[in-house]
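**Q** For reference, the structure I am asking about is given below.
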Amino acid sequence: MNDTQPISLDYRSSMQQAALAYLARHHAEHLADGDQLFKNCIRHLIVALEVPSGIATKLAQLAWTEHQAAFGLDHTTSL
């Protein structure tokens, strides 16, 4: 898949859910370092799921926002 091609809503939704699941699974490992959790999530999407880097970053940002809302977290990452 190319970064310039539009992605389907179904693909985007699936990859965002994968990012959210990664954040939930690894949240406890990074209680003091949200930035590292965020970066690892992007790397997971790129390496394990072969999501193009630009799309992976956008999807991780969306998942990060959802993750923080679900866990009631108030700390932010320096995106």
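We did not get these values from a lab; they are worked out from the coordinates using the rules stated. The model shown is predicted, which means the values in this text are computed figures rather than measured ones. Note that we place each Cβ from the backbone using ideal geometry, even for glycine, and neighbour counts take in every protein chain shown.
**Q** Can you tell me how many residues within the range 31-58 are of a type in the set (Gly, Ala, Ser), in a loop (DSSP other than H, G, I, E, B) and under 13 Å from Met15 (Cα atoms)? Reasoning before the result, please.
**A** Narrowing the range 31-58 to residues of a type in the set (Gly, Ala, Ser): 32, 34, 48, 53-54, 56.
Subsequent filtering for residues that are in a loop (DSSP other than H, G, I, E, B) retains 32, 48.
Going one step further and asking which of them are under 13 Å from Met15 (Cα atoms), we end up with 48.
Qualifying residue count, the range 31-58: 1.
**Q** Let me ask something additional. State all residues of the range 30-65 that are touching a residue at least 40 places away in the same chain (Cβ under 8 Å) and of a type in the set (Ser, Thr, Tyr); if no residue qualifies, say none.
**A** Ser53
**Q** Among the residues of the range 17-29, write down those that are in contact (Cβ under 8 Å) with a residue 12 or more places away in the chain and either buried (at least 19 other Cβ atoms within 10 Å of the Cβ) or over 15 Å from Thr65 (Cβ atoms) (or both).
**A** Selection gives Ala18, Ala19, Leu20, Tyr22, Leu23, His26.
**Q** Residues of the range 31-52 being more than 16 Å from Thr65 (Cα to Cα) and surrounded by 15 or more Cβ atoms within 10 Å (Cβ to Cβ), which ones?
**A** His44, Leu45, Ile46, Val51, Pro52
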